[in-house]
1. Can you tally the net charge around A72? Count Lys and Arg as +1, Asp and Glu as -1, for every other residue whose Cβ sits under 14 Å from the Cβ of A72.
2. Spin-label point model (7 Å from Cα, Cβ direction): what's the E54 to T129 distance in nm?
3. Taking other Cβ within 10 Å of each residue's Cβ, how do R170, R102, R29 sort, fewest first?
4. Which value, in Å to one decimal place, does the Kirkwood hydrodynamic radius take for the chain when every pair of different Cα atoms is included?
5. What is the local net charge at V158, summed over the other residues whose Cβ is closer than 11 Å to its Cβ (Lys, Arg +1; Asp, Glu -1)?
6. Would you calculate, for the chain, the mean residue ellipticity at 222 nm contributed by helices, counting each DSSP H stretch of 4 or more residues as -39,500 (n - 2.57) and dividing by all residues, to the nearest 500?
7. Return the lysines within reach of K2: Cα separation strictly under 23 angstrom, same-chain partners fewer than 8 residues apart disregarded; answer none if there are no such residues.
8. Between D212 and E67, take the C-beta separation as r, use R0 = 35 Å, and let me know the FRET efficiency to the nearest 0.05.
Amino acid sequence: MKLAITGKGGVGKTTLTALMAQAYADMGRQVLAVDADPSPCLAGALGFPDELREELKPIAEMDALIEERTGAKPGTVGGFFTLNPRVDDIPERFSVLHRGVRLLEMGSVDLGGSGCICPESAMLKTLFTHLLFRDDDILLLDMYAGVEHLGRATVDFVDAMLVVVEPTRRSLGTAKQIRKLANDIGLLRLYLVGNKVRNEDEARFLENTTPDIPLIGYLPADMKVQEADRLGIPVYDHVESLKTSARQIIDEITRLTADEVIE
Ligand SMILES: Nc1ncnc2c1ncn2[C@@H]1O[C@H](COP(=O)(O)OP(=O)(O)OP(=O)(O)O)[C@@H](O)[C@H]1O
Ligand SMILES: [Mg+2]
C-alpha cells in the first residue's frame, strides 16, 4: 500500500504520517516513510536518535549516485539520461531504521512530470513507482504543504491520498483544490482525515463541509502534542488519544481498500 499524505501547511501531515508509520510497524508491517518536505521533520516526529539522523542524507543530494545511475549530473535539464535507473538498493543503502520504521529523506527535488525533467526527479520517481513492495508493505509519503506538486503528476503512483484538514474553511478549501488536481491526474481514491478536532461541533462541521472526499477519521486536538515536541518524544508514545485514532484510521483504510478489491 502506497499512501501520500497531503494538505495545507501546518494541518498535521507530519504528525499523522509519523503516527501511522509507527502504528503499521507495530503491527509487524514493513514500513518505508519518506519525508518529501525540503525542510524535513519526520525524523524528529518519529523520535529517530541524533546519530541516525546524522547518517541520513537526502537522495536529491547524492550527486555521484544520481550521475552513476542516470548517466547525467543532477541539475541537468535536457540532454540524455536514463529514465529508469537502477533503484532497488536505494532504500537499504540510504535509509535509516528505527523501531521498525525505515526513513528516507528526499531533499529539495521536484518529482518532475511535465515541469522539470531532471536526472534526480527521474530517479526518485522510478524509485517510488517501481520499487517492488510486497502487498502488505507500506509506503508513506509525507508531502510538502499545498497543491503545486500534484499538478505535475508527481504522486500518481500512490494507491490513495490522505488529505489532512483542520476544522477550518481554509484547510477545506485546500482539500478541494487537492481533490481537483488529484482527479486530473487520475487519482480518485482520496480520504479526508480531520485533525485538531476539539469537540462534536467541529467534527460535524467537517462532516458537513467535506469537499466530496470521504471522511475516514479524526485526530483530536490535544495540548500534549506540543508537549511531546518540547520533550523530544514521539506523539505516538506520549499521546494515547492520537495513537488510538491513528490505529482506527488504519483499520478504516484497510476496510475500505479490502472492499474495493472484493467489488
Ligand atoms: N492533534 C493535534 N493537537 C494539537 N496540536 C497538533 C495536533 N496535530 C498537530 N499539531 C501541531 O500542529 C503543528 C503542525 O503539525 P505538523 O508539523 O504535523 O503539520 P504539517 O502539516 O506537517 O506542517 P507543514 O506543512 O509545515 O509540513 C505542530 O506544532 C504540531 O505539534
Ligand atoms: Mg510536515
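1. Numbers: positive: R69, K73; negative: D63, E67, E68, E120.
Overall, the nearby charge balance is -2.
2. 3.8
3. Working: R170 11, R102 20, R29 17.
Going from sparsest to densest Cβ surroundings: R170, R29, R102.
4. It is 18.8 Å.
5. Working: positive: K2, R189; negative: D156, D159.
That sum, taken over residues with Cβ under 11 Å, equals 0.
6. Values: 11 runs with 110 residues, N = 263.
Roughly -12500 deg cm²/dmol at 222 nm, from the helical runs in the chain.
7. Within the straight-line limit of under 23 Å, K2 reaches these lysines: K13, K57, K125, K176, K180, K243.
8. Computed FRET efficiency for D212 and E67 comes out at 0.20.
Bear in mind that the values in this text are calculations on the coordinates, not laboratory data. On a predicted model such as this, the values are computed, not experimentally measured, just so you know. Backbone-built Cβ (ideal geometry, glycine too); neighbour counts: all protein chains shown.
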